Amino acid sequence: MKLSVPFGEQVFDEPILGIETSCDETAASVLVNGEILSNVISSQIDLHAMTGGVVPEVASRAHVESIRPVISQAIQEAGLTIQDIAAIGVCNRPGLIGCLSVGVSAAKALSVALKTPFIGIHHLEGHLLSPFAAGSEFKFPHLALLVSGGHTELVLVRATGDYQLVGQTIDDAAGEAFDKSARLLGIQYPGGRMLSELAEGGDSERYRLPMGLIGRDTFDFSFSGLKTAVRRLLEIEGDSLDRNSAAASIQHGIVSVLVKKTVSAAEKFEVETVTLSGGVAANLSLRQTLKEACSKRGISFVPAPAALCTDNAAMIAIAASFRLAKGERSSSGFDLDCFANAPLPILEHQP
């Protein structure tokens, strides 16, 4: 995949190694002059399925075991050697501290051994910039809908590094709403993806579920009421519940809110393009519904490639490429910290 570089922006032209270990995927990628040469991901889904969710200590140990072979594989698939790496981009915020520290420690060690610069990258910035790998030409400013298990945000992207928060969830994230609703339906981890598959055979209008903050003068989101309504629905319907239609109704409730808020914000800020990224961006119903809504309004729609929706290192390398090209570096030595919570650097929230 080759990045489409907006006018006025540049990318680092030498080989960059991207590293991502913020949660339960050990990932490494090599990017050269805007082209993704490799994107290796070692998933821990089977490991955490036994506990129904990610156990931080278990995830950290798995990263320790996987980080070296994953990096080696990424470099090998790119047709390079470790000595060819000219810079390193590593996710250092936000995420599980123990998990982040594995990737950051690896990046520091390689930086010292190879005498190459490295830079810490915000996980959400990686997601925001991943649509540039979709192969579509688009420009700034554009509106980004970022939806994942821990985040649901609308961001006006004016340039790389210049972001304005337009709206965000005030409680549960969209991905969290998918996963928690799936658990109530008895769907095993990872629930959100399996709920979407179950929804394919259901009637999305059979069960009426709340659409948080629709009709309010805000671009913020709320999904906690939907989760409560699903629990109540199960209590009322019991064994007579149509699980396929329940899944379809849940998906419809989440997707409808995301789409309505996004197109309203796009019209208000008069952008020509809407982008979609994050783990929930892989949801086919969301991608199709948002595409159709944008098309009706003459707005270009650019979703991140499916391979770059879930946590991956290519998106970290992409963000690093733009920042390294501007001369940015993380401080030398071993003082790059990891942060469990770190908001994306943004401008003041302007209603």
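The values are calculated or read from the model by the stated rules, or taken from the named source; none is laboratory data. Fair warning: this is a prediction, and the values are worked out from it, not measured in the lab. Every residue, glycine as well, gets a Cβ built from its backbone with ideal geometry; the counts of neighbours run over all protein chains shown. We work out accessible area using only protein heavy atoms, side chains counted, and drop any ligands, DNA or RNA first. Shrake-Rupley method; radii C 1.70, N 1.55, O 1.52, S 1.80 Å.
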| Filter result (part of a helix (DSSP H, G or I), farther than 22 Å from GLU125 by Cα and touching a residue at least 40 places away in the same chain (Cβ under 8 Å)) within the stretch 69-87 | VAL70, GLN73, ILE75, GLU77, ASP84
| the stretch 91-125, residues that are closer than 24 Å to THR275 by Cβ and among the aliphatic types (A, V, I, L, M) | ILE119, ILE121, LEU124
| Which residues, taken from the stretch 144-168, are assigned to a strand (DSSP E or B) and either open to solvent by 10 Å² or more (accessible area, probe 1.4 Å) or of a type in the set (Gly, Ala, Ser) (or both)? | ALA144, GLU153, ARG158, ALA159, ASP162, LEU165, GLY167, GLN168
| said: Considering only residues that are of a type in the set (S, T, N, Q) and either surrounded by 23 or more Cβ atoms within 10 Å (Cβ to Cβ) or within 24 Å of ARG329 (Cα to Cα) (or both), which ones fall in the stretch 110-143? | reply: SER111, THR116, SER130
| Which residues, counting only those in the stretch 169-213, are touching a Lys or Arg at 6+ places or on another chain (Cβ under 7 Å) and either open to solvent by 30 Å² or more (accessible area, probe 1.4 Å) or in a loop (DSSP other than H, G, I, E, B) (or both)? | ASP172, LYS180, LEU184, LEU185, LEU198
| remark: Note on the stretch 214-254: residues within 24 Å of GLY167 (Cβ to Cβ), among the β-branched types (Val, Ile, Thr) and surrounded by fewer than 22 Cβ atoms within 10 Å (Cβ to Cβ) are ILE214, THR218, THR228
| Of the residues that make up the stretch 255-273, is at least one open to solvent by 20 Å² or more (accessible area, probe 1.4 Å), under 22 Å from HIS142 (Cα atoms), in contact with a His (Cβ under 8 Å, 6 or more places away or on another chain) and not basic (Lys, Arg)? | yes
| task | Within the stretch 88-109, identify whether any single residue is open to solvent by less than 10 Å² (accessible area, probe 1.4 Å), over 25 Å from ALA282 (Cβ atoms), touching a residue at least 24 places away in the same chain (Cβ under 8 Å) and not in a helix (DSSP H, G or I), and answer yes or no. | result | yes
| Out of (1) modelled with pLDDT under 95; (2) open to solvent by less than 20 Å² (accessible area, probe 1.4 Å); (3) under 30 Å from GLY192 (Cα atoms), the odd one out for PRO6 is which? | (3)
| task | Under 6 Å between Cβ atoms, at least 6 apart or on separate chains: pull out the pairs that start in the stretch 30-49 with a residue that is modelled with pLDDT under 85 and end on any residue that is assigned to a strand (DSSP E or B). | result | SER43/GLU25
| remark: Among residues of the stretch 35-60 being under 30 Å from PRO141 (Cβ atoms) and buried (at least 23 other Cβ atoms within 10 Å of the Cβ), the residue nearest to the chain's Cα centre (by Cα) is ASN39
| message | Can you say whether PHE140 is within 18 Å of ALA313 (Cα to Cα) and at pLDDT 90 or above, as far as the supplied structure shows? | response | no
| message | under 20 Å from the mean Cα position of the chain (by Cα), closer than 14 Å to CYS338 by Cα and part of a helix (DSSP H, G or I): is that true of GLY120 in this structure? | response | no
| task | Go through the residues of the stretch 62-83 one by one and say whether even a single one is in contact with a Pro (Cβ under 8 Å, 6 or more places away or on another chain), of a type in the set (A, V, I, L, M, F, W, C) and crowded, with 18+ Cβ neighbours inside 10 Å. | result | yes
| task | Within the stretch 327-338, track down each residue that is open to solvent by 60 Å² or more (accessible area, probe 1.4 Å), under 23 Å from GLU14 (Cα atoms) and at pLDDT below 75. | result | SER331, SER332
| Looking at this structure, is ASN341 open to solvent by 70 Å² or more (accessible area, probe 1.4 Å), part of a loop (DSSP other than H, G, I, E, B) and in contact (Cβ under 8 Å) with a residue 24 or more places away in the chain? | yes
